Structures are given as C-alpha cells and as structure tokens.
Amino acid sequence: MANLSYITPIEYLKGVGPQKADVLKKELQLFTIGDLLQYYPFRYVDRTQFHKIRQLHADLIGAQVLGRLISLKEVGEKKGKRLVGQFRDETGSMELVWFQSIISLKKGLKVGSVYIIYGKPTEFNGHISITHPEMELYNSTEKKVGNMTMQPVYSSTEKLKKFNLDTKGIQRLQQTALETVYNSISENLPQYILDKNKLIDHKKAMLSIHFPQNVNDLNAAIQRLKFEELFFIQLRLLRNKQLNTQKYKGHIFNQVGEKFNTFFNDRLPFPLTNAQKRVVKEIRLDTNTGAQMNRLVQGDVGSGKTVVALMSMLLAIDNGYQACMMAPTEILATQHYHGLKELLGDGICTVKLLTGSTGTKERRIIHQELEEGTLDILIGTHALIEDKVKFKNIGFVVIDEQHRFGVEQRAKLWRKNTIPPHMLVMTATPIPRTLAMTMYGDLDISIIDELPAGRKPIKTVHFFENQRLRVFGFMREEIAKGRQVYIVYPLIKESEKLDLLNLESGLESLQKEFPLPDFKISIVHGKMPVKDKDFEMQRFVKGETQIMVATTVIEVGVNVPNASVMVIENAERFGLSQLHQLRGRVGRGAEQSFCILMSGNKLSKEGRTRIETMVQTNDGFEIAEVDLQLRGPGDISGTQQSGILDMKIADLAKDQQILARARQTVIDIFKEDPNLQLEKNNTLIYYLNQRTPGIIWDKIS
Ligand code: ADP
Ligand code: MG
C-alpha cells in the first residue's frame with residue numbers, strides 16, 4: 001500500500017497483518033503506525049560500554065563483557081540439567097549458565113573463541129555468573145565492536161510474545177515502521193520554538209528514541225519528545241480554557257452588598273489572613289468579568305477555606321443569586337452546615353442541609369424553597385446533584401474536597417442554570433505544581449499558603465510499639481488538661497476484616513487503660529450505620545467523650561478544635577498525603593497539638609521516608625512533593641481517573657522544568673497570537689485539530 005503514514009492503521013504495516021494487529025490493539029492500544037512509533041522503549045541497555053570481569057557485581061542491571069569462552073560442559077540431571085561455560089578476560093573469569101536450549105547452544109557456541117556477551121550479573125558465594133547471556137561472536141576485522149549502541153528495551157506481554165512480539169520483535173516492527181513512514185514524518189512544532197528551546201527536530205527524535213547511536217543522541221531525543229508531549233497537553237488545556245472563557249458567559253457579581261458587609265464587619269470572629277483576603281479578592285475580580293469562573297483553591301488543612309467559600313457565597317446572594325456547597329460525605333456536609341450557620345448567625349441569609357438522610361417532608365420543603373428562591377444557600381452531599389434539585393437562580397457553586405467528585409458530577413452542577421454558575425473547587429490535598437499545572441491546567445488556581453495567626457505548629461513524633469506505655473501516659477496528661485485525643489487505625493480494603501480486628505483489640509486495651517467512668521471513648525468506623533457514626537461523632541464534637549477511636553473515615557474535614565492529640569496506629573501503612581490529612585484534624589485550636597506516629601520496628605525504606613518526612617515538616621506542599629517522588633504521578637490521590645497523566649514519555653515527578661518551560665511557551669504563544677492565526681504557528685492548528693486526549697475540565701456543548 002502506498003502512502004503509509006502515522007495515521008495508517010497498524011495492520012497495513014509490513015510484518016503485522018490482522019492477527020498481530022489485533023493483539024497490538026488489545027494489549028497495547030496501538031491502532032496506527034503512529035501509535036506504534038510512540039510506543040517508546042522503557043529503558044535502554046547500554047551497549048556502548050564494556051565491563052571487565054573484575055568490575056562485575058550483582059547490582060548492575062546488565063553488563064557487556066568481551067572475553068574468551070574457554071570451556072563448556074553439561075552438568076546436573078533432569079530438571080537440574082544445565083550448560084555451564086567458563087568465560088575469561090585479562091582480569092578474571094566467570095560462569096555462564098543456560099537452562100534451556102542446551103542442545104542447540106552446545107552445537108552453536110565455539111569453545112576457544114572470543115565473544116561479546118551481555119546479561120545481568122548475579123553473585124553467589126563471591127562468584128559472579130550470568131544466566132542466559134546474549135552471545136555474539138567478536139569479529140576483530142569489523143570496525144565497530146559488536147552492537148555498540150544503546151539498545152532499546154520495549155515492554156511486552158505474554159500474549160504479545162506468543163506472536164513473536166517480545167522486545168526484539170517490537171524493535172523489528174519499529175524499524176519497519178520507521179523505514180516505511182520516515183519520509184512522511186513532518187515537524188509538529190514551529191521552527192522558532194525549536195530554536196528557542198534548543199530542541200532537535202521531530203523526525204530525528206523519532207529515529208533516535210528507537211535507535212540511538214549513543215547517550216547524547218538519546219538524551220536529545222528524550223528532551224525533545226518530552227517537551228513535545230507536555231507542550232501539546234498544555235496547548236490543549238490552555239486553548240480549552242480560552243474557549244470556555246469565550247463561550248460561556250458568567251453571572252456578573254458587580255456589587256459587594258449588605259450581606260457580605262454585615263458578615264464581614266459584624267460577624268466574622270477573627271481577622272482574615274492575608275492569604276484569605278487575597279483569594280476572596282481573586283474571586284471577586286473573577287466573578288465580575290462576565291466570564292464563568294473556574295477556580296481551584298488549594299489550602300492546607302486548617303488554612304481556613306470555609307470562610308472564603310462563605311464570603312463568596314454571600315457575594316453571590318448580594319447580587320441576587322443562590323449558592324450551594326457540596327461535600328463528599330454526610331459528616332462533612334453536616335459539619336459545614338452547622339459551622340456556617342454558627343458563623344453567619346441570624347438574619348443574614350437562609351441556609352439548609354440536604355443529604356441522603358434528609359426526610360421526605362423536609363426534602364420537599366427544600367425543593368420548593370429552592371425553586372421559589374427563598375432559600376439562599378444549600379449545603380449537602382451528592383444529593384445536591386439530583387435532577388429534582390432545581391434552583392431559581394444558582395450563581396455560585398462550592399465543591400469541597402474536590403478529588404472525590406468526578407467530572408460528570410461537576411458537569412451536572414454546571415447545568416443547573418442556563419448560564420453556568422461560577423465554580424469554586426476547594427482541596428486540602430495540596431498538589432505539586434507539576435500535577436496541578438497538568439490536571440488543572442485549564443483552571444485558575446488560588447493558594448492559601450498561610451495558617452491563621454496564633455496557631456502553634458503541630459509537633460510530630462514517631463514511637464515504636466514498645467514505647468506504647470509512654471504514649472498512654474502522655475494521652476492521660478493531655479486529657480487531664482481537658483483535651484481530646486484521636487486514635488486512628490488503618491483500614492485498607494484487602495484486609496478489612498483484619499483491620500477491624502486490629503481496631504477492636506486496640507479498643508479493648510484502650511478501655512483497660514482508660515476505664516469508665518473517668519474516661520469515655522467514641523468509636524467510628526466505615527462498617528457502622530451512618531446514624532450511629534454521626535451519633536458517636538457528635539458525642540466527641542460536644543466533648544462528651546475524650547477519646548475517638550476511628551478508621552480513616554475521620555480523614556476529611558472534621559473539625560474539633562479541642563482535640564489536640566492525633567495518634568496514628570501502624571503509621572507505616574498510610575500514604576503520605578493521608579497521614580498529612582489525618583494530622584490536620586488536630587492543631588485547630590490555640591493549644592499546642594501533637595501527632596504521634598506509631599509503627600512496628602520493621603520499616604521499609606519507603607515507610608521510613610514517609611514517617612521521617614512527617615516528623616520533619618508540616619508543609620502540605622512539601623509533603624505532596626515527596627509523595628510524588630515516592631509514588632509517581634499515577635498514584636497521587638485524585639489523579640487515577642483523570643487519564644491525562646498517562647504520558648508516553650514525560651514524567652511529572654521528574655520533568656518539572658521541561659513542563660514549566662512548555663507551559664510558559666504556550667502562554668507566550670497565546671499572548672502573541674490568541675487564535676493561532678500567524679503563519680509561524682500553522683503547524684499547531686493542524687495538531688490541535690487531531691484527536692485529542694482527554695481534557696479534564698468539563699466541556700459542555
Ligand atoms: P480548612 O481550610 O481545613 O477547611 P477551616 O475552614 O475548617 O479549614 O478552618 C479551620 C479553623 O480555623 C476553623 O475553626 C475556622 O473557624 C478557623 N479560622 C479560619 N480562618 C481563620 C482566621 N483568619 N483566623 C482565625 N481562625 C480562623
Ligand atoms: Mg475544610
């Protein structure tokens with residue numbers, strides 16, 4: 001077939017055919033020749049260097065050695081049967097071992113000849129050996145010694161291997177693909193951008209990523225392709241943002257009215273922090289532009305996001321609109337409801353709560369008041385999204401703890417008015433800059449990076465199991481001062497039963513150490529009916545109990561300022577961001593608070609790093625950064641479903657600088673040429689029109 005190109009279906013590539021095409025589609029989602037070419041090696045074997053036998057050790061991933069095969073013999077019986085060769089260079093000797101293909105190897109290998117071998121060294125009793133090495137006869141007349149390049153390694157699957165598509169097989173396909181389409185590969189970045197960022201061209205990069213001649217060659221290709229990938233993601237995100245601004249009108253809040261002012265002047269019990277003031281101001285400016293606001297507020301636990309949300313909602317009401325606030329759990333929604341009512345006091349506006357357990361009668365009243373417009377603020381859970389919930393004129397939506405809600409759910413909120421309401425998304429899980437720029441690249445981001453004054457930083461300490469009595473003693477002292485204590489147990493799905501047991505046996509010993517009637521204990525876990533959970537929660541909130549034993553259900557948002565100690569059991573089993581969230585439950589009052597991380601004596605390296613990080617810093621952004629480095633972008637909470645992080649070559653944990661450069665480049669382009677009409681940006685239009693990977697923010701059309 002003539003004119004094969006990137007977009008030609010993969011079955012038309014020589015050597016593929018319908019069957020292989022089928023597995024390539026199913027196993028690797030490769031549909032076109034372009035997809036194949038973008039299936040990059042996941043690592044490279046450095047065949048440009050040689051090791052001497054004396055330099056080999058078991059930590060090497062692979063090593064290439066030039067030496068002589070001096071003997072070959074079969075040893076062992078039946079299943080233990082293997083072929084063992086002695087291999088020597090001027091620095092020493094080692095064993096080569098084969099368990100398979102013994103007969104053909106015995107025929108093929110030439111004892112006495114010089115070979116270039118490659119494989120992973122292992123060490124046993126101080127002796128080095130390589131199992132199943134790659135063997136290549138050394139040809140002293142050829143200029144090039146062996147296969148002196150960086151050899152690509154592609155990941156494969158069992159299914160693919162059945163069709164001869166192991167790493168070598170895939171490499172052959174890549175070669176065919178490149179030979180076939182090479183001349184039709186066109187540049188996708190404007191030349192001036194390549195020049196400015198010192199990038200090699202696309203064609204060369206595609207060749208070098210699969211067949212690098214040396215390390216420099218490979219690095220240039222990697223730099224170029226990473227930039228390209230991140231650049232186009234940013235191009236789409238920022239283009240999308242621009243389109244949204246043009247397409248969706250926003251409600252205009254052009255006055256600060258009586259309600260806002262009454263609250264601010266007469267009710268607000270504390271001065272706002274500078275960060276809070278700044279964010280309120282950003283929101284005020286945003287909501288007065290005529291475009292719809294989509295703003296993400298990131299602020300560490302306790303930074304005071306709620307009051308910012310409330311003031312924004314009052315702004316909406318002052319301008320004749322209604323507002324709502326959605327939280328991920330009933331506990332949280334309820335707490336927000338009570339918290340906001342208390343802050344507001346009487347007479348400013350009407351607030352109601354709608355959750356799954358709101359009774360039918362109350363529900364009906366709420367629906368009616370919403371439609372009539374007599375209800376100003378509705379707080380609730382997912383129940384808010386239901387189609388039955390209709391507003392007279394909703395102008396402002398707050399979503400708390402953003403990552404628990406999906407895109408679809410947000411979209412439903414958009415549709416609750418003909419002009420979509422302004423959206424304020426609040427998250428207490430700080431997201432590292434690189435992730436935020438990508439996941440929320442089309443949102444505006446506000447950061448509350450300051451805690452209210454007078455708050456003492458939480459002291460975090462790590463104790464091992466055998467120091468438990470000290471911990472109990474400390475708890476007793478704090479309770480004697482009138483404080484309250486959380487004790488949290490892990491609850492990880494695979495072993496829910498075990499964890500519950502853990503909690504129960506922990507509870508038993510606690511009840512002995514902290515007996516009635518002096519001490520009272522609340523228990524909350526995910527297996528309890530919501531009613532009981534709320535009841536227990538409320539007892540603790542009201543100070544009727546001093547100790548709250550819980551699983552991570554208390555993780556999000558719960559606010560008990562009098563609680564000053566957070567004990568986390570099996571802390572090594574929690575992720576960093578979860579630990580940080582949990583710690584954020586204390587330190588909400590004026591007293592010194594403590595977080596005690598309990599762990600067993602054996603800690604994995606990662607577990608230790610997590611605990612040490614927690615002990616060293618209270619800064620959520622710093623913690624998020626460590627988390628990203630430890631786990632990679634795919635595992636950071638909230639990123640899983642987004643899809644946008646499935647990158648082919650860029651790595652958000654490592655490529656922060658490239659990302660920043662790519663994003664800035666896009667910003668500059670749009671500044672100069674908002675609709676990409678300049679000749680020099682032609683290539684970009686073409687690329688934007690091609691199939692686009694998922695855009696995170698909702699597109700309503
Ligand atoms: P989060 O950002 O975690 O949602 P909250 O909004 O729940 O934090 O605020 C935590 C606590 O701090 C609440 O008790 C709130 O009333 C209080 N708070 C908020 N802003 C301030 C401030 N500027 N000064 C003092 N206390 C504040
Ligand atoms: Mg909150």
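If you take the residues of segment 274-289 that are more than 13 Å from V256 (Cβ to Cβ) and of a type in the set (K, R), which of them is farthest from the chain's Cα centre (by Cα)? If you could, list the steps in order and put the result at the bottom.
Let us first name the residues in segment 274-289 that are more than 13 Å from V256 (Cβ to Cβ), namely 274-279, 282, 286, 289.
Restricting the remaining residues to those that are of a type in the set (K, R) gives 277-278.
On the way: K277: 29, R278: 27 Å.
Out of the qualifying residues, it is K277.
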Collect the residues in segment 415-434 that are away from ligand 1 (no atom under 16 Å from the Cβ), crowded, with 24+ Cβ neighbours inside 10 Å and not polar (S, T, N, Q), keeping them in residue-number order. P420, P421, H422
Being in contact with a Ser or Thr (Cβ under 7 Å, 6 or more places away or on another chain) and among the hydrophobic types (A, V, I, L, M, F, W, C) is the requirement here; does L353 meet it? yes
Count of segment 275-322 residues which are in contact with a His (Cβ under 8 Å, 6 or more places away or on another chain), in a helix (DSSP H, G or I) and modelled with pLDDT under 95: 2
Check segment 325-333 and report whether any residue there is within 21 Å of K277 (Cα to Cα), surrounded by fewer than 21 Cβ atoms within 10 Å (Cβ to Cβ) and out of contact with any Lys or Arg (no Cβ under 8 Å at 6 or more places or on another chain). no
Could you run through segment 305-327 and say how many residues are aliphatic (A, V, I, L, M), under 14 Å from I379 (Cα atoms) and away from ligand 1 (no atom under 11 Å from the Cβ)? 5
Count, please, the residues in segment 15-59 that happen to be in a helix (DSSP H, G or I) and among the hydrophobic types (A, V, I, L, M, F, W, C). 8
For segment 229-248, state whether one or more residues are free of Cβ contacts under 8 Å to residues at least 24 places away in the same chain, within 22 Å of T438 (Cα to Cα) and aliphatic (A, V, I, L, M). yes
All but one of (1) within 16 Å of ligand 1 (Cβ to nearest atom); (2) within 23 Å of D668 (Cβ to Cβ) hold for I233; which doesn't? (1)
Residue count, segment 539-561, condition modelled with pLDDT of 85 or more and either in a loop (DSSP other than H, G, I, E, B) or not small (G, A, S) (or both), comes to 13
With the condition kept exactly as written, say whether any residue in segment 398-415 is within 16 Å of ligand 2 (Cβ to nearest atom), β-branched (V, I, T) and outside any loop (DSSP other than H, G, I, E, B). yes
Cβ pairs under 7 Å, 6+ apart or interchain, first in segment 268-294 and in contact (Cβ under 8 Å) with a residue 40 or more places away in the chain, second within 16 Å of ligand 2 (Cβ to nearest atom) and part of a helix (DSSP H, G or I), ordered by first then second residue, are Q276/V307; Q276/V308; V279/V308; I283/S312
Answer with yes or no whether A323 is under 17 Å from G395 (Cβ atoms), in contact with a Ser or Thr (Cβ under 8 Å, 6 or more places away or on another chain) and assigned by TED's automatic domain parsing to the domain that holds D442. yes
Conditions (1) within 12 Å of ligand 1 (Cβ to nearest atom); (2) modelled with pLDDT under 95: number failed by T334: (1)
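The values are calculated or read from the model by the stated rules, or taken from the named source; none is laboratory data. As the structure is a computational prediction, the values presented were derived from the model and not from experiment. Cβ sites come from the backbone with ideal geometry, for glycine too, and all protein chains shown count toward neighbours.
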